[in-house]
Amino acid sequence: MKIFDFMKYKKLLFGISGVIIALGLVLMAVNGLNLGIDFTGGSSIQANIGKSFEISDIRAITDKFDKEAIVTYAGQNRDIALIKTKVALSVSQQGEVIQGFQDKFGIQQTNIQFETIGPTIGAELTKQALLALLLANLGVLIYISFRFEWKFGVAAIAALAHDILIMLVVYSITQIAINASFIAAILTIVGYSINDTIVVFDRIRENKRHLKKVEHKGLVNKSISETMARSINTSLTTLVTIFALYILGVPAIKDFALPLLVGILSGTYSSIFIASPIWVLLDKKHKLNGAH
Amino acid sequence: MKSKSLIVFLAIVLLISFFAYIAVYGLNIGKYEIVPVKNLIKLGLDLRGGATVLLQAKDNPNDPVNDEKMARAVATIRERIDALGVAEPVITRMGSDRIEVQLPEIQDPQRALDLIGQTAQLEFIEEETKQVILTGNDIKKASAERAPSGNGVGEAPVVSFELSPEGAKKFAAATERNIGKIIGIYLDEQPISLPTVQNVIPDGKGIITGSATMEEAGDLATLIRAGALPVEMETLSVTAVGPQLGANSFEQSITAGQIGILLVLLFMLFYYRLPGLVSDIALVLYTLIVLTILASIKATLTLPGIAGIILSIGMAVDANVIIFERIKEELRFGKTLRAAIDSGFRRAFITIIDSNITTLIAAVVLFYFGTGPIKGFAVTLSIGILSSMFTAIVITRYLLKLLVSTNLFKNLKLFGL
C-alpha cells in the first residue's frame with residue numbers, strides 16, 4: 001500500500017475549501033438564494049403543453065394575477081412550462097389559469113400540476129428546516145463522542161458545515177429554488193458525508209491502537225491512504241445512480257439531483273481532506289494544553 | 001463438501017432469481033395469484049395524480065375553534081367529497097385546527113377544490129328588512145333538477161329543496177308578508193338568486209334558480225345537503241398533479257432507477273470480480289427486500305421516495321466495498337483466502353455499524369420533521385440503510401464463503417488483486 005503524504009498539503013487543502021466557500025458566500029451575497037414557494041408562499045404551475053410555445057403566450061394568461069411571475073421552459077423538447085408566482089393564487093384564480101391553458105393550448109387538466117402554498121406554511125418550514133439541521137448535527141455529535149471521542153465529533157461537524165456551505169453555494173449559483181426538498185437534499189448529504197467521515201475515523205481509531213508511537217501526521221496519512229479506494233468507489237456508485245436520476249428525471253427530481261451530485265463530491269472531499277486534519281489540530285492542541 | 005457448496009450457492013442464486021421474476025412479472029398458478037410487487041406498493045399523489053389541500057380553521061374570539069367543530073367540519077367535507085364520487089379520499093385532522101384532504105386520481109381537481117373550501121353558509125334574506133329568514137340548517141333535502149325556465153323556453157338547471165317542518169312554517173310566514181317583494185338567496189354572502197315572491201309557499205318546497213349547468217346545480221345541492229362548515233376554513237396549501245403527469249414522473253424515475261442499478265452492478269462486477277458478482281446478487285436481493293418492506297408496511301411511494309431508493313442503492317454497495325477493500329488488504333498481508341475473508345468481515349463490521357448509524361440519525365430526523373413526500377424519502381432511505389447492512393453483513397458473507405469453499409476459485413486475480 002502506498003502511503004501518500006496528505007498532511008503535507010493540509011494548508012493548501014484548507015485554502016482551496018476556504019477560497020471556494022468565501023467566493024461562494026460573496027456570490028450568495030450578490031445573487032441571493034432563490035427561495036421557492038414552500039418558503040415564501042406563492043403558486044407554482046407545471047403545464048405539459050406537448051408542443052412548442054412562446055413565453056408571451058403564458059404571460060398573457062398569468063399577467064392578470066401576477067405580473068412578476070417567472071415563466072421558464074422545461075423538458076427535453078422545451079414543451080413544458082414552469083410558472084412561479086409570488087402571489088398565492090386562490091382556488092378560483094387557479095381555476096382561471098387552468099381554464100386559460102385549456103383554451104389556449106387545448107391541453108387537459110391531467111397534464112397540469114399546480115401547487116399553492118400560503119405564507120404560514122413557509123414560516124413553519126423555515127423553522128422546521130433549521131431545527132432539523134441542528135438536531136441532525138447534534139445527534140451525530142453525540143453519537144461520535146460516545147463511540148469515539150468528542151474531538152472526532154467536532155471534526156466531523158466541521159466537515160459537515162463545509163458540505164452544507166458548499167451546497168448553499170450550489171443553490172445560489174444555479175438559482176435552484178429552495179423548497180422542502182432542499183431540507184431532504186441537505187440532510188442526505190449530511191448522512192452521506194458523516195458516513196464517509198466515520199469510515200476514515202474508524203481507521204484512525206484502529207491504527208491508533210496498533211501504532212502507539214507514530215505521530216499524528218503518519219497516522220492520518222496511513223489511515224486516509226488505506227480507506228481511499230473505498231471512499232472513491234462508494235462515491236462513484238452513488239454518483240452514478242444520482243447522475244441517472246439527473247439525466248432522466250422530471251424537473252422536480254433534476255432540481256433535487258444536481259445539488260446532491262455536488263454534495264456527494266463535497267462530502268467525499270471533506271471527509272478525506274477536512275475532517276482528519278481538523279481532528280489532528282484539535283488533538284495536538286489538546287495534548288499540548290494537557291501537558292502543562 | 002466442495003460440490004455441496006456449489007449446489008447450495010446455485011440454489012440460492014436460483015431462488016433469488018425466482019423471487020426477482022415474481023416481483024417483476026407476478027405469478028399465476030391456478031387460483032393462486034401473486035401480483036407484481038409494483039402493483040402492491042401504494043403510490044403517492046405526485047405519482048398517480050391527485051390533489052392535496054391543507055385547510056386551517058380561522059379562529060374567531062367570539063366563536064373559538066374546538067374539537068367538536070373540527071370533527072363536524074371533517075364530516076361535512078367528507079359528505080361533500082363523497083358526492084363527487086372520488087375513489088379513496090383521505091381526510092385527516094392535523095394538529096388542533098387543520099384538515100388535510102387527499103383526493104387521488106381526480107380528473108377535475110378544480111371543481112373539488114371549489115367544493116371543499118367553501119364555508120357554504122346558505123341564507124334566505126328578506127330584501128326589505130335585511131333580516132335572515134332561513135339558513136341552510138332549515139333545509140331537509142336538496143337535489144339538482146331540470147325545471148321549465150323562467151322565460152318559458154326550454155328547461156334550466158335548478159336546485160329543488162324541501163324545508164324541515166319548522167323551516168316550512170317560517171318560510172310560509174315570510175312569503176306571506178313579502179308578496180311582490182324579493183327574498184334573496186345568498187351563499188357565503190354572495191347572491192345566487194334574487195327571486196320575487198309570487199304567492200305564499202305553505203309546504204316548504206321550492207327551487208333555487210341561477211345555476212348555469214346541471215353540474216353547477218348538482219354542486220350547489222351537495223353544498224346545501226352537507227351543510228355549512230361550522231368554522232371558516234382558510235386554504236393553506238394546494239397541490240394538484242394531473243394523473244398523466246404523475247404517470248410520466250413514475251415511468252421516468254423507474255427508468256432512471258433501472259439504468260442506475262445496472263451501472264452499479266457492472267461497476268462492482270468489473271472492479272471486484274468474484275466478490276463483485278456476489279455483491280451483485282446481494283444487491284438484487286436488497287432491492288427485493290426494500291420493495292417487499294415498502295409493500296408490507298403499506299408505505300406510500302412518492303417521487304422523492306423513489307429518489308431515496310435509487311440513492312440508497314448507490315450507498316448500499318458501500319458496505320460491500322468496505323468489506324472487499326478490507327479483504328484485499330488482508331490478502332496483501334499474505335493471509336490465506338479464508339482467513340482474509342474472515343478477518344475482512346470482522347474488521348469491516350464495526351465500521352459499517354458506526355457509519356450507518358450516523359446516516360440513520362439524519363434519516364430519522366428527516367422523518368420526524370418532514371411532511372408528505374419528504375417523509376416518504378426518509379422512510380425509503382431508512383429502510384434502505386437497514387436492508388443494506390443486512391444484505392452486506394449476512395448475505396454477501398455467506399455467499400462468498402460458499403464460493404470459496406468450493407475450492408474452484410483460488411486465483412487471487414478473481415478477488416481484484
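Since every read-out is calculated from the coordinates, none of them should be taken as a lab result. Model, not experiment: these values are computed from the prediction. Cβ atoms come from the backbone with ideal geometry, glycine included; neighbour counts cover every protein chain shown.
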Rounded to one decimal in nm, the spacing of the 7 Å Cα→Cβ label points at B:Q198 and B:A75 is 3.8 nm
Across the residues of A:85-92, average count of Cβ atoms on other protein chains within 10 Å? 3
So what are region A:29-170's ellipsoid semi-axes, whole angstrom, largest first, if each one is the square root of 5 times an eigenvalue of the alpha-carbon gyration tensor? 42, 16, 13
Whole percent per 10 Å bin, from 0 to the bin with the longest distance: what is P(r) over all C-alpha pairs of region A:42-116? 21, 62, 17, 0
Go ahead and set up a Gaussian network model of chain B, Cα springs under 10 Å, then flag whichever of B:L262, B:L47, B:L381 fluctuates most. B:L262
Using +1 at the C-beta of Lys and Arg and -1 at the C-beta of Asp and Glu, which of A:V220, A:Q175, B:A172 has the Cα lying farthest in the positive direction of the dipole of the protein assembly as shown? A:V220
Any DSSP H helix in chain A with Cα axial reach of 27 Å or more and mean Kyte-Doolittle score of at least 1.6? Listed by number, the hits are A:10-31, A:150-174
Lysine pairs in region B:50-240 with Cα distance under 24 Å, only those 8 or more apart or on different chains: how many are there? 19
I need the trypsin sites (Lys or Arg not before Pro) found in region B:56-135, filtered to DSSP loop residues with at most 13 other beta carbons within 10 Å of theirs. B:K58, B:K130
Rounded to 0.05, the calculated FRET efficiency for the beta carbons of B:T213 and A:L131 at R₀ = 45 Å is 0.40
Among all the lysines, which ones have a C-alpha under 30 Å from B:K401's C-alpha, if same-chain residues fewer than 8 places away are not counted? A:K2, A:K222, B:K2, B:K4, B:K328, B:K335, B:K410, B:K413
Given only helices, namely DSSP H runs of n ≥ 4 each adding -39500 (n - 2.57), what is the per-residue ellipticity at 222 nm of chain B, to the nearest 500 deg cm²/dmol? -19000 deg cm²/dmol
Evaluate the distance, in nm, between pseudo-label points positioned 7 Å from the Cα of A:D79 and of B:F270 along their respective Cα→Cβ axes. 3.5 nm
Work out the mean other chain Cβ neighbour count within 10 Å for the residues of B:254-263 and drop it here as an integer. 5
Cut-off under 19 Å on the C-alpha distance; same-chain residues fewer than 8 positions from A:K285 excluded. Which lysines are left, in chain and number order? A:K8, A:K10, A:K11, A:K151, A:K208, A:K212, A:K213, A:K217
Rank B:I323, B:I116, B:I183 by mean-square fluctuation in a GNM of chain B with C-alpha springs under 10 angstrom and give only the top-ranked residue. B:I183
In degrees, nearest 10, range 0 to 90: what is the angle between the Cα axis of helix B:337-369 and the longest Cα principal axis of chain B? 20 degrees
If you plug each phi of region B:47-64 into the Karplus form 6.51 cos²θ - 1.76 cosθ + 1.60 with θ = phi - 60°, what whole-Hz ³J(HN,Hα) values come out, in order, with x for Gly and Pro? 9, 9, x, x, 10, 10, 10, 10, 10, 10, 6, 7, 7, 10, x, 7, 9, x
Bounding extents of region B:1-122 in its principal axis frame from Cα atoms, largest first in Å, are 84, 29, 25
Averaged over its residues, how many other protein chain Cβ atoms are within 10 Å of peptide B:83-92's Cβ atoms? 0
Ratio of Rg to Rh over region B:50-240 (Cα coordinates, Kirkwood Rh, two decimals): 1.00
Place a label point 7 angstrom from the Cα of B:L386 along the Cα-to-Cβ direction, then list the residues of region B:272-295 whose backbone nitrogen is under 11 Å away. B:293-294
Would you work out if the protein assembly as shown is rounded, prolate or oblate? Take a ≥ b ≥ c from the square roots of the eigenvalues of the alpha-carbon gyration tensor; rounded if a/c is under 1.5, else prolate when a/b is larger than b/c, oblate otherwise. prolate
What nm value, rounded to one decimal, do you get for the distance between A:L25 and A:K254 when each label is placed 7 Å out toward the C-beta? 3.2 nm
What value in Å³ per residue do you get for the convex hull of the alpha-carbon atoms in chain A? 149 Å³
So how tilted is helix B:303-332 from the main axis of chain B? Cα-based, degrees 0 to 90, rounded to 10. 10 degrees
Rounded to whole Å and sorted largest first, list the principal axis extents of the Cα atoms in chain B. 108, 51, 30
With angles folded into 0 to 90 degrees, how steeply does helix B:2-25 sit against the dominant principal axis of chain B? Use alpha carbons for both and round to 10. 20 degrees
Nearest-20 debye value, the protein assembly as shown charge dipole, Cβ charges on Lys, Arg, Asp, Glu: 5100 debye
For an R0 of 41 angstrom, estimate the FRET efficiency from the Cβ-Cβ distance between A:L138 and B:R346 and round to the nearest 0.05. 0.85
Just for the Cα atoms in region B:158-307, what are the lengths along the principal axes, largest first, rounded to whole Å? 96, 27, 25
Computed from the beta carbon distance with a Förster radius of 22 Å, FRET efficiency for B:S296 and A:E124 to the nearest 0.05 stands at 0.10
Fewest first, what order do A:T238, A:T188, B:T302 take by the number of other Cβ atoms within 10 Å? B:T302, A:T238, A:T188
Find me the longest stretch of chain B that has none of the exposed GluC sites (Glu not before Pro), where exposed means in a DSSP loop (not H, G, I, E or B) with at most 15 other Cβ atoms within 10 Å. B:190-417
Stretched fully, the stretch from B:I22 through B:D59 gains (0.36 nm per residue minus C-alpha distance, one decimal, in nm) 8.0 nm
How compact is region B:336-416 by the rule of thumb for globular proteins, expressed as Cα Rg over 2.2 N^0.38 Å? 1.48
Size of electric dipole in region B:294-417: Cβ of Lys, Arg +1 and of Asp, Glu -1, about Cα centre, debye, nearest 20: 420 debye
Not counting the cut sites, what is the longest span of chain A without GluC sites (Glu not before Pro) that DSSP labels loop and that have at most 10 other Cβ atoms within 10 Å? A:69-292
